[in-house]
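The values are calculated or read from the model by the stated rules, or taken from the named source; none is laboratory data. Note that the structure is predicted; figures quoted are calculated from it, not measured. A quick note on method: Cβ atoms are made from the backbone with ideal geometry, for glycine too, and the neighbour counts reach across all protein chains shown.
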Amino acid sequence: MNRTIANIIIDIIAAFLLLGMIATGYLLRYPLPPGSNKSLSLWGFTRHQWGDVHFWISLGLLLILVIHLVLHWNWIVTVIGKRCHLIKTEHPSLIRTGILSGGIVIFMLTLFTWAAQTSVIEIARPMRGNHFGQTHQANESSEITQAPISINQTNVEFWKDIYPIFEHNCLSCHGPQKQFANFRIDRREDFFGSNGRTLLILPKQSAISPLIAIVSGTRKDMSMAEIHKLSDQDILKLRKWIDLGAEWPVKMDAEK
């Protein structure tokens, strides 16, 4: 095949792969945002599956770039070598420079892989909602200073005791600005199964209410299960509220 035609084909493939990376990156950032894998799909693919597509497209683009470099290796070595005064001969050894350059690239990739694998740390308690921007120590100190609530408390008021829990922990992802999984914590019907929604609260039955399983971390078949886990104190309040009938005064329902 003519070298010029081969170069044109390689460039066209590289352009399409680059557009594919941009397109899949857009899908992962906007139509299928983080946390939507279990609830949303696009053209039959979930977020994780589109992530796999994005990964393989990136590998394809890398392969095409390597082929492109091989086809132009003679020119690359000559131009860079002479401008940097690294070569003295008219016909430098392409095999030697190729092995040297390949070794450097492999070393850098190996170093990057090692650094990425060894630098992963486990977050003791994922931050969410209004917790962003605060230190873990601040969270711990605030939990220590809060007075514990008793499960035998005689009364729990929704707007005083319960809604602040939702507002503080959930509103940033499930509120007026963002509605991950098409769910809002400031709408009563989203909890009680209205309009075909999944029932999350069974009044006077906190032990089998799906909401408790979600916020206590016992439900593992959902996206980002750990980040939905609340403190023991908040869970006790929610349990008590549900066991008392889960009243949500309509006159103060927050339709935002």
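Selection of the range 1-58 for residues being under 30 Å from residue 228 (Cβ atoms) and of a type in the set (Lys, Arg) yields 29, 38, 47.
Annotation note: Cβ proximity below 9 Å between a residue of the range 205-233 that is at positive phi and a residue that is aliphatic (A, V, I, L, M) and surrounded by 15 or more Cβ atoms within 10 Å (Cβ to Cβ) (sequence gap 6+ or interchain) occurs for 217/225; 217/230. Condition test on residue 188, is it within 23 Å of the chain's Cα centre (by Cα) and within 17 Å of residue 158 (Cα to Cα)? Taking the combined requirement at face value, the residue does not satisfy it. Would the range 72-79 turn up any residue that is at pLDDT 85 or above, part of a helix (DSSP H, G or I) and of a type in the set (S, T, N, Q)? The answer is no, given that none of the residues of the range 72-79 is at pLDDT 85 or above, part of a helix (DSSP H, G or I) and of a type in the set (S, T, N, Q). Restricting the range 1-59 to residues that are in a helix (DSSP H, G or I) and among the basic types (Lys, Arg), the residue that is farthest from residue 222 (Cα to Cα) is 3.
Filtering the range 1-29 to residues that are among the small types (Gly, Ala, Ser) and closer than 30 Å to residue 39 by Cα leaves 20, 23, 25.
The residues in the range 214-256 that are at pLDDT 80 or above, surrounded by fewer than 17 Cβ atoms within 10 Å (Cβ to Cβ) and outside any loop (DSSP other than H, G, I, E, B) can be counted, and the count is 4. Filtered by the rule that a residue be touching a strand residue (DSSP E or B) at 6+ places or on another chain (Cβ under 8 Å) and within 23 Å of residue 41 (Cβ to Cβ), the range 191-227 gives 193, 199, 200, 210. Condition check: out of contact with any Leu (no Cβ under 8 Å at 6 or more places or on another chain) and of a type in the set (Lys, Arg). Does residue 178 satisfy that? Yes: the conditions hold for residue 178.
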